[in-house]
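Read through the structure below, which is laid out as structure tokens, and then see the notes.
The values are calculated or read from the model by the stated rules, or taken from the named source; none is laboratory data. Computed from a prediction, not measured in an experiment: that's the story for all the values here. Cβ sites come from the backbone with ideal geometry, for glycine too, and all protein chains shown count toward neighbours.
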Amino acid sequence: MPVSWKRSHKTSLWRRLDPTQAGRVMADCYGEGAGAEVLLRAFLEERDMNPEAVRFWLRVYELLNGAGKPQDAVPG
């Protein structure tokens, strides 16, 4: 069972893991809801005025959504 977001928000996971590792942890804990959880963490860090943590969580979100993989070109 995942730790509640309030409690896990305070654990500063972003200081102990790189974005790839954090993405794996989030996917294991939250499954299909991992992206939403990561965006919530980015939002909370923004509210706490912690831009370094915001960038970390947004990078995790990019990795969860396949950043770095070739995307199909959209016909223009």
| field | Leading residue by the ranking (surrounded by the most Cβ atoms within 10 Å (Cβ to Cβ)) among those in region 22-72 that are under 15 Å from Ser12 (Cβ atoms) and among the aromatic types (Phe, Trp, Tyr) | value | Trp57
| So Ala67 clears everything in (1) in contact (Cβ under 8 Å) with a residue 24 or more places away in the chain; (2) over 12 Å from the mean Cα position of the chain (by Cα) except one condition, right? Which one? | (1)
| request: Would you mind stating whether Gly76 is over 10 Å from the mean Cα position of the chain (by Cα), at pLDDT 80 or above and loosely packed, with under 14 Cβ neighbours inside 10 Å? | output: no
